[in-house]
Structures are given as structure tokens and as C-alpha cells.
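Peer 1: Structure in C-alpha cells, see below.
The values are calculated or read from the model by the stated rules, or taken from the named source; none is laboratory data. Model, not experiment: these values are computed from the prediction. With ideal geometry, Cβ positions are generated from the backbone for all residues, glycine too; neighbour counts draw on all protein chains shown. We work out accessible area using only protein heavy atoms, side chains counted, and drop any ligands, DNA or RNA first. Shrake-Rupley method; radii C 1.70, N 1.55, O 1.52, S 1.80 Å.
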Amino acid sequence: MQGTKTRLLTGNKAMAEAIKLEMERDPNVFVMGEDVGVYGGIFGSTEGLFQQFGSDRVIDTPISETAFIGAAVGAAAEGMRPIVELMFVDFFGVCMDQIYNHMAKIPYMSGGRVKLPIVLMTAVGGGYSDAAQHSQTLYATFAHLPGMKVVAPSTPYDLKGMMISAIRDDNPVVFMFHKTLQGLGWMDQLDASVGHVPEEAYTVPLGKANVVREGKDITIVGIQMTTHHALEAAKKLEQEGIEAEVIDLRSLVPLDRETILQSIKKTHRLLVVDEDYLSYGMTAEIAAIAAEEGLYDLEAPVKRLAVPDVPIPFSRPLEQFVLPNAEKIYQEAIKLVNE
């Protein structure tokens, strides 16, 4: 609307604002995790909350993921709406019993009588030489396990709107945020980590992909950082006369199959890009959807670009070698269009 003032926020401030608004709206919402209190979360996702709500509702925990995620499950079963932070998604190994055998399964095993409205938020992504135990995305690891919604927003606007949707959802939601898109001063600064975010509370639906660039020659499906790499590649492709359509998945569970298939019908080519490992992952799932439901719309084989099946290297040159980027997407798209 004419005269509307644009307000820009970083990704972390958008997340923290979403949590703040829901804590003000609903006294059952509270936060737990390592360094989420005075420090505001090492990636800024709870910045300012401790000062407003105090230690009763923003709870710093010991380094014991099994204990505090288990506590969140119990609190949710008794009617609370906990938000619990697993600092790095890589740490899931020490608490997977609480996540998958408790959080994901109890609603099903109780016949729906026990609801677990938990948001498990966790940082994902490489690019900082944090090595094999602090640099993974692991989207597919959680999407593969039934009983949890799994989302991964890519913009400050979506981080706020999808966080509010996740908090209000009666199902457990794994909310994966990418470190690079938090907009923190001690990390590489990207334009994509800052965006327009309205002051009021609003929701963005979980399970709906976003066509962030329309095109007619090739569909590029990405998530989080690979979406932004794809947009950069699309600008370069345009100089070659190739119009790429870029889809930001935003959500792995539920997965928006329809948006992908509609795009394939238009472009007849599909490239799927993921910062997770290549085998048994998101790229394979979307390729399978294209094969099962959109095969006759394709004029070329589906191409996949993802991290090779190796742990993320500490060495920066090696890390950059395995991670997808705009140039790799551009090269794969050129080959696919010319097939």
C-alpha cells in the first residue's frame, strides 16, 4: 500500500520477535535450551526474551539435550507449548530417543489423545569451517521419520510467519534455521539475511512452497541457502536466454508436491539442489515425485546437486568444494537445458 513503511529485520530478530509475540499472547509458551537466556541464543534466536519474560519462561539448561527435550515432551503432554532449542542439528544423536521415540510417536500411540505442541528449533548449515560435527543440514534425517512436521524457512518474513504457525500447531514441529540466514554480525553478511518483516503477528502456512522466481525453461528446487544460490544462478542463466523458475520448498513435511508438479508441467526440466547429503535425501524424494507423478511432463532426466556422501570437511577449500553454490547450479542448469 502507498505510504506503508518498510521495516527490515535480520533473520534472528524475526525469529525472536515471533516467539515474543506468542509468549505475550499465550502464557503456556516458554523457551528452553542452552544459552537461550541472558545470551539470547548463540544464533540470536531468543535475543531479548530473557529480559522481558525472565528465567521462569526463558530457561537456560545444562548441556543435557536428552534431559531438556524430554522435559519439553512432558510439559507439552500436560498442556504447555514449549519451544526448545537443539543448538546444532548435528547434536541430535545424543537425544534422538526423546525426539523420535517420544516427541514424534506419543501422539500416534495415544490415538491422538495426547497432543505434543512442541517446537524443536535447531541451527543447520555449513560454510564456516565448523567441521563435520557442526556443519550439517540433515533435512532428510528428520523428514524421513513420521510424526513430526519439518520446516526450513529461507527469509526473515518466513522465519517469523512460520515460527508463529509452528508455535500454534498442535503437532511437534522441527524448525530448522540456517546459520548464514540469521544475519549475525560475526558471520558472512548476505542481503538475503535481511528482509521486510511486518510488526504485527502473522502466519505463513506450513507445507506450502513458494515460487520465488517464475520462468519457463527449467525448474530449480531449493531450500534455504540453495534457494538463494539458485536465484543468483538464475540471473546468470538469464544472460544466456534461459528463464529459470526457482521454488523455495520452505517445508519438507508436509511437502508441497503440487507446486513442484505444476512447475514441471510448464518448464519440462527439473534440477533439485540441497545442502544435505546426496544419497537417500531430499533430492531423491523430489526426483521420485517427478518420476511417479510428472514423468510425461519431463523432456530430460531429473538432475540432482547436493553434498557428496562425505562428512563436511574442516578445510575451507574442501568445504567449498562439497557445498552447492550458484556457479555449480548454473553449470548443471546449462547442461540440463542443452540436453
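Peer 1: Among the residues of segment 266-280, are any buried (at least 20 other Cβ atoms within 10 Å of the Cβ) and out of contact with any helix residue (DSSP H, G or I) (no Cβ under 7 Å at 6 or more places or on another chain)?
Peer 2: Kept after step one, since they are buried (at least 20 other Cβ atoms within 10 Å of the Cβ), are these residues of segment 266-280: 267, 269-277.
Filter again for out of contact with any helix residue (DSSP H, G or I) (no Cβ under 7 Å at 6 or more places or on another chain), leaving 267, 277.
The answer is yes; a qualifying residue exists.
Peer 1: How many residues does segment 181-203 hold that are of a type in the set (Gly, Ala, Ser) and assigned to a loop (DSSP other than H, G, I, E, B)? Before you say what the answer is, go through the steps one by one.
Peer 2: Residues of segment 181-203 that are of a type in the set (Gly, Ala, Ser), as a first pass: 183, 185, 192-193, 195, 201.
Now restrict to residues that are assigned to a loop (DSSP other than H, G, I, E, B): 183, 185, 201.
Number satisfying all stated conditions: 3.
Peer 1: Name the pairs: first residue in segment 180-208 and over 24 Å from residue 259 (Cα atoms), second residue part of a loop (DSSP other than H, G, I, E, B) and among the acidic types (Asp, Glu), Cβ to Cβ under 7 Å, at least 6 apart or on different chains?
Peer 2: Close Cβ pairs (under 7 Å, with a partner that is part of a loop (DSSP other than H, G, I, E, B) and among the acidic types (Asp, Glu)) amount to 180/188.
Peer 1: Still on this structure, I have one more. Counting only residues that are assigned to a loop (DSSP other than H, G, I, E, B) and touching a Lys or Arg at 6+ places or on another chain (Cβ under 7 Å), which one in segment 255-280 is farthest from residue 206 (Cα to Cα)? Let's see the steps before the verdict.
Peer 2: First, pick out the residues of segment 255-280 that are assigned to a loop (DSSP other than H, G, I, E, B): 255-256, 268-269, 278-280.
Checking the rest, the ones that are also touching a Lys or Arg at 6+ places or on another chain (Cβ under 7 Å) come to 256, 278.
Working: 256: 10, 278: 24 Å.
Among residues in segment 255-280 that are assigned to a loop (DSSP other than H, G, I, E, B) and touching a Lys or Arg at 6+ places or on another chain (Cβ under 7 Å), the one farthest from residue 206 (Cα to Cα) is 278.
Peer 1: Consider segment 209-236. How many of its residues are open to solvent by less than 10 Å² (accessible area, probe 1.4 Å) and in a strand (DSSP E or B)?
Peer 2: The total comes to 5.
Peer 1: Right, next: Taking segment 237-249 only, how many residues are in contact (Cβ under 8 Å) with a residue 12 or more places away in the chain and either in a helix (DSSP H, G or I) or of a type in the set (Lys, Arg) (or both)? Steps first, answer last, please.
Peer 2: Taking segment 237-249 and keeping what is in contact (Cβ under 8 Å) with a residue 12 or more places away in the chain, we get 237, 240, 242-249.
When the remaining residues are screened for being either in a helix (DSSP H, G or I) or of a type in the set (Lys, Arg) (or both), the result is 237.
So the count comes out to 1.
Peer 1: Okay, next question. Looking only at segment 237-258, which residues are closer than 16 Å to residue 213 by Cα and surrounded by fewer than 17 Cβ atoms within 10 Å (Cβ to Cβ)? Spell out the reasoning first.
Peer 2: Here is the first cut: in segment 237-258, the ones closer than 16 Å to residue 213 by Cα are 237-239, 241-250.
Across segment 237-258, the qualifying residues are 238, 239, 241, 243.
Peer 1: Please go through segment 321-331 and give me each residue that is assigned to a helix (DSSP H, G or I) and either surrounded by fewer than 20 Cβ atoms within 10 Å (Cβ to Cβ) or among the aliphatic types (A, V, I, L, M) (or both), ordered by number.
Peer 2: Those that are assigned to a helix (DSSP H, G or I) and either surrounded by fewer than 20 Cβ atoms within 10 Å (Cβ to Cβ) or among the aliphatic types (A, V, I, L, M) (or both): 321, 322, 326, 327, 328, 329, 331.
Peer 1: So residue 175 passes all but one of these: (1) under 22 Å from residue 13 (Cα atoms); (2) surrounded by fewer than 24 Cβ atoms within 10 Å (Cβ to Cβ). Which condition number does it fail?
Peer 2: (2)
Peer 1: Any idea which of (1) among the hydrophobic types (A, V, I, L, M, F, W, C); (2) under 22 Å from residue 162 (Cβ atoms); (3) crowded, with 17+ Cβ neighbours inside 10 Å; (4) modelled with pLDDT of 95 or more is the one residue 201 doesn't satisfy?
Peer 2: Tallying (1) among the hydrophobic types (A, V, I, L, M, F, W, C); (2) under 22 Å from residue 162 (Cβ atoms); (3) crowded, with 17+ Cβ neighbours inside 10 Å; (4) modelled with pLDDT of 95 or more, residue 201 fails exactly one: (3).
Peer 1: Residues that are open to solvent by less than 30 Å² (accessible area, probe 1.4 Å), farther than 18 Å from residue 275 by Cβ and touching a residue at least 60 places away in the same chain (Cβ under 8 Å): list the helices (runs of 4 or more DSSP H) wholly contained in segment 87-170 that include at least 3 such residues. Reasoning before the result, please.
Peer 2: On the way: elements: 106-109, 139-143, 156-168.
In segment 87-170, 156-168 are the helices (runs of 4 or more DSSP H) which contain 3 or more residues that are open to solvent by less than 30 Å² (accessible area, probe 1.4 Å), farther than 18 Å from residue 275 by Cβ and touching a residue at least 60 places away in the same chain (Cβ under 8 Å).
Peer 1: Among all residue pairs at least 6 apart or on different chains, which show Cβ distances below 8 Å where the first residue, located in segment 267-287, is of a type in the set (Gly, Ala, Ser) and the second is open to solvent by less than 10 Å² (accessible area, probe 1.4 Å)?
Peer 2: From segment 267-287, the pairs are 281/139; 281/274; 287/270; 287/272.
Peer 1: Please go through segment 292-320 and give me each residue that is exposed (fewer than 13 other Cβ atoms within 10 Å of the Cβ) and part of a helix (DSSP H, G or I), ordered by number.
Peer 2: Across segment 292-320, the qualifying residues are 292, 295, 296, 316, 317.
Peer 1: How many of the residues in segment 1-52 are over 22 Å from residue 118 (Cβ atoms) and touching a residue at least 60 places away in the same chain (Cβ under 8 Å)?
Peer 2: Number satisfying all stated conditions: 6.
Peer 1: Working carefully through the options 252, 206, find the one that is within 21 Å of residue 89 (Cα to Cα), in a loop (DSSP other than H, G, I, E, B) and modelled with pLDDT of 95 or more.
Peer 2: On the way: 252 fails: in a loop (DSSP other than H, G, I, E, B).
It is 206.
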